[in-house]
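A.B. asks: Can you keep this structure in mind? I'll have questions shortly.
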Amino acid sequence: MTGEDFRELMDAMADPLVACDGDERVLYLNPAAERMLGWKLEELKGQPFARLLPERMQSFDGQSFLRYLLGRRRALGGRPVRAFLLCHEGPELEAEVTVGTSKEGSEERITLVLRRLPEFPDYTDEPLERLLSSVAHPRGPYPGAAGTRAYQLVFENAPLGLFHFDTTPILVACNEYFVRIIGASKRRLIGLNLFSLQDESITHCVRDVLAGRHAYYEGDYHAVTSGKVTPVRTHFAPCFNEKGQVEGGVGIVEDVTEQRSVQAERDRLFREAQEAIRVRDDFLTIASHELKTPLTPLSLRLASLERRLERKEPVDPTLLRHARQHLVRLAALINDLLDASRIEAGRLALHFEPTRQEAIVERALTSMDSERGQHRIDYSHPAESVRIRGDPYRLEQVFANLLENALKYSPADSTVRVTLDVRGDFALLSVADEGIGIPRDQQEQLFERYFRARNVSVTSYGGLGLGLYISRDIVERHGGRIWVESEVGRGATFYVALPLLSAANPTPPDPRPATGSSQQVH
Ligand code: ADP
């Protein structure tokens, strides 16, 4: 038959026909095929047939769709297979395809007969038999179609995604749960060749099953039909018949989105716990060093004192004073440790009473006399007494800690300015130094437990990183606020705002940078 004859014959056929050469390039479309697909012959002529196929139909078991069909011709026995084809414009089209080859001289010619499948109503509401028997696939209607109603109900209502595929391996049945997980419709899923899936780990599992082995897949499933990505866990098992032959496979799918987020939350908590343990371990090391530091000079002085007393030599009072200073330092560290653990346990007791704040500040200043060295301390306060309601002992501890830090973190001959003032309903104390300052990103963290600046140059100053943590707890329990303003290298100013005794309903000032200056505390 000449090419011309062949074309005439094709045109005369009512069924849509497509002819391709041996390289799967389109040679001819008859008018019925043009109408069905919406493509004109001129547009497709010479183009690969694969242009008519959606992505998931491009490859079957490593072969092109046409080669795959031709290879299975004998098994198909002339029956059509179901396929999806791309129309010129618009959606995919479902069709039955029969394929054959002939010779045109020495050239191979592949001819496809197409039949459009009727648009059937959405399967999902249909009884299973009807659904399955309406699916054309190489093995004919799904054998389970004749199964009992009870079987169908179990299959449909199982609280897991279930699917069944035959040896081709075409998906011949699946339940609603599976459809929900995958996010497509039965209509799109049933008839899908599992070898056409992009995900190789799944096609691997299917291959294992067809070889009679169980398989397991865990990971993200990218649905080709809906584009949805779902984390799943899937168990695959072969279906053996009475003769022990594999007749296909079954899959049980579990959507593990929720377990994944629970796991992610657990991992996060675990990391946090590990970090907390690390911080505590570091702290214990630092605390041990800090507690040991005063011990050596203390024991040296006591030894020297002992020797002098034994030899009945006069005792130098500075020796005793130094020894006492080291003991005081040790006691202060231990007190900080105890206070911090009391705060943790919610047991740091405060005893409130009407009191004069300037008196507390003055006591704190006096307690710092021995640490002052060459520092100048300027202190100013209003002429009138600043009456607050507070715990004098604990507030003295807060102010002393601020003064101690100001002295510790600024040069010996610099000035520390302590100012007590009244702003609206609040008494505002500021302690300003001319020291190393604090980087902006650490200004909030300073008040956290164990926080010590990461600036290497200050490590020699020592400290447990507890003073400001304790101070903040005390100040806030007074209804007040504590904050810092600072620039690196230009000193730091710590503020403490405490409600006045006369204040009816004081709202603590907002210490954030925009409103943090003392001017704005009203
Ligand atoms: P520490 O006992 O370590 O001084 P604090 O809680 O009192 O503990 O202070 C925490 C950290 O805040 C200190 O390690 C220091 O880095 C920083 N800091 C506190 N006050 C000042 C200040 N006036 N100037 C610079 N840095 C300061």
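The values are calculated or read from the model by the stated rules, or taken from the named source; none is laboratory data. Just so it is clear, the structure is predicted and the values come from calculations on it, not from any experiment. Neighbour counts run over all protein chains shown; Cβ positions are idealised from the backbone, glycine included. The accessibility values were calculated without ligands, DNA or RNA, using every heavy atom of the protein model including side chains. Shrake-Rupley method; radii C 1.70, N 1.55, O 1.52, S 1.80 Å.
A.B. asks: Could you check how many residues of segment 428-470 are in a helix (DSSP H, G or I), within 19 Å of residue 330 (Cα to Cα) and modelled with pLDDT of 90 or more? Even if it seems obvious, please write down each step before you answer.
C.D. replies: Taking segment 428-470 and keeping what is in a helix (DSSP H, G or I), we get 440-442, 445-447, 456-461, 467-470.
Next cut, within 19 Å of residue 330 (Cα to Cα) only: 459-461, 467-470.
Remaining after also requiring modelled with pLDDT of 90 or more: 467-470.
Summing the residues that are in a helix (DSSP H, G or I), within 19 Å of residue 330 (Cα to Cα) and modelled with pLDDT of 90 or more in segment 428-470 gives 4.
A.B. asks: I need every pair where a residue in segment 392-413 that is of a type in the set (Lys, Arg) has its Cβ under 6 Å from the Cβ of a residue that is open to solvent by less than 20 Å² (accessible area, probe 1.4 Å), sequence separation at least 6 or different chains.
C.D. replies: Within 6 Å, the pairs are 394/474.
A.B. asks: Could you check segment 471-490 and list, in sequence order, the residues that are away from the ligand (no atom under 12 Å from the Cβ), in contact with a Leu (Cβ under 8 Å, 6 or more places away or on another chain) and part of a helix (DSSP H, G or I)?
C.D. replies: 474, 475, 477
A.B. asks: If you don't mind, another one. Could you tell me whether any residue of segment 385-401 is touching a Phe, Trp or Tyr at 6+ places or on another chain (Cβ under 7 Å), under 13 Å from residue 492 (Cβ atoms) and buried (at least 21 other Cβ atoms within 10 Å of the Cβ)?
C.D. replies: No, every residue in segment 385-401 fails to be touching a Phe, Trp or Tyr at 6+ places or on another chain (Cβ under 7 Å), under 13 Å from residue 492 (Cβ atoms) and buried (at least 21 other Cβ atoms within 10 Å of the Cβ).
A.B. asks: Would you be able to tell me the number of residues in segment 328-367 that are farther than 28 Å from residue 379 by Cβ and assigned to a helix (DSSP H, G or I)?
C.D. replies: 9
A.B. asks: Within segment 281-295, restricting attention to residues that are surrounded by 12 or more Cβ atoms within 10 Å (Cβ to Cβ) and within 11 Å of residue 450 (Cβ to Cβ), which residue is nearest to the chain's Cα centre (by Cα)?
C.D. replies: Taking segment 281-295 first, the residues surrounded by 12 or more Cβ atoms within 10 Å (Cβ to Cβ) are 282-283, 286-287, 290-291, 293-295.
If we keep only those that are within 11 Å of residue 450 (Cβ to Cβ) as well, we get 282-283, 286-287.
Numbers: 282: 27, 283: 29, 286: 33, 287: 35 Å.
Out of the qualifying residues, it is 282.
A.B. asks: Search segment 93-111 for residues that are under 24 Å from residue 36 (Cα atoms) and open to solvent by 50 Å² or more (accessible area, probe 1.4 Å) and pair each with any residue that is in a strand (DSSP E or B) and of a type in the set (A, V, I, L, M, F, W, C) when their beta-carbon atoms are under 7 Å apart and the residues are at least 6 apart or on different chains.
C.D. replies: Filtered contacts from segment 93-111: 101/110.
A.B. asks: Tell me, please, whether a residue that is under 30 Å from residue 167 (Cβ atoms) and free of Cβ contacts under 8 Å to residues at least 24 places away in the same chain can be found in segment 76-87. Reasoning before the result, please.
C.D. replies: At the first step, the residues of segment 76-87 found to be under 30 Å from residue 167 (Cβ atoms) are 76-86.
Still in the list and also free of Cβ contacts under 8 Å to residues at least 24 places away in the same chain: 77-78.
Yes, segment 76-87 contains at least one residue that is under 30 Å from residue 167 (Cβ atoms) and free of Cβ contacts under 8 Å to residues at least 24 places away in the same chain.
A.B. asks: Sort out which residues of segment 209-232 are in contact with an Asp or Glu (Cβ under 9 Å, 6 or more places away or on another chain) and either in contact (Cβ under 8 Å) with a residue 60 or more places away in the chain or surrounded by 16 or more Cβ atoms within 10 Å (Cβ to Cβ) (or both), and write them in order of number. First the steps, then the outcome.
C.D. replies: At the first step, the residues of segment 209-232 found to be in contact with an Asp or Glu (Cβ under 9 Å, 6 or more places away or on another chain) are 214-215, 217, 219-222, 224, 229-232.
Within segment 209-232, 215, 217, 221, 224, 230, 231, 232 meet the criteria.
A.B. asks: What number of residues within segment 140-164 satisfy the criterion of being at pLDDT 55 or above and either open to solvent by 60 Å² or more (accessible area, probe 1.4 Å) or among the hydrophobic types (A, V, I, L, M, F, W, C) (or both)?
C.D. replies: Final tally of qualifying residues: 13.
A.B. asks: Right, here's the next one. Whether any residue in segment 374-387 is assigned to a helix (DSSP H, G or I) and among the acidic types (Asp, Glu) is what I want to check.
C.D. replies: Initially, segment 374-387 is screened for residues assigned to a helix (DSSP H, G or I), giving none.
Checking segment 374-387: not a single residue is assigned to a helix (DSSP H, G or I) and among the acidic types (Asp, Glu).
A.B. asks: Going through segment 229-278 one residue at a time, which ones are over 34 Å from the mean Cα position of the chain (by Cα) and either of a type in the set (Lys, Arg) or in a loop (DSSP other than H, G, I, E, B) (or both)?
C.D. replies: 241, 242, 243, 244, 245
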